[in-house]
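The structure appears below as structure tokens.
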Amino acid sequence: IKKEFSFKGNHLDTNFFNCIPGSYNLKLIADTDENNYWSKGNLINKLQPEKIYNYEGEIKLQKNWTADITWEFNSKE
């Protein structure tokens, strides 16, 4: 399952509805060049790929449950 959306700033408060019960992994891609997709870098121009942050651990969803997740990460990593 893939859900893409953009936001600016350092805080996101959102909801995902109708998720299938199961285990999930979350990723956040820092779109630093603001082109709305992951830029893989350029060796010739010495540009690093945009940073991908992985949420540590799995998110386990059960039927008719609500899960609140707080994810703190260092954007300077």
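The values are calculated or read from the model by the stated rules, or taken from the named source; none is laboratory data. Note that the structure is a prediction, hence the values are computed from the model and not measured. No Cβ is skipped: glycine too gets one built from the backbone with ideal geometry, and neighbour counts run over all protein chains shown. With ligands, DNA and RNA removed, areas are computed over all heavy atoms of the protein, side chains included. Shrake-Rupley method; radii C 1.70, N 1.55, O 1.52, S 1.80 Å.
Protein heavy-atom surface of the chain, 1.4 angstrom probe: 48% of the accessible area is carbon and sulfur, with nucleic acids and ligands not counted.
For the chain, the solvent-accessible area works out to 99 Å² per residue, with a probe of 1.4 Å and every protein chain left in place. Gain on full extension, evaluated as 0.36 nm per residue between Leu12 and Lys46 minus their Cα-Cα distance, stands at 9.1 nm. Return the subset of Lys2/Lys51; Lys8/Lys46; Lys3/Lys51; Lys8/Lys60; Lys3/Lys46; Lys40/Lys60 for which the Cα-Cα distance in this structure is over 24 Å, preserving the input order. Over 24 Å Cα-Cα: Lys8/Lys46; Lys8/Lys60; Lys3/Lys46; Lys40/Lys60. Counting only other residues whose beta carbon sits under 12 Å from that of Glu4, what net charge do I get with K and R as +1, D and E as -1? Every neighbour counted, the sum reads +2.
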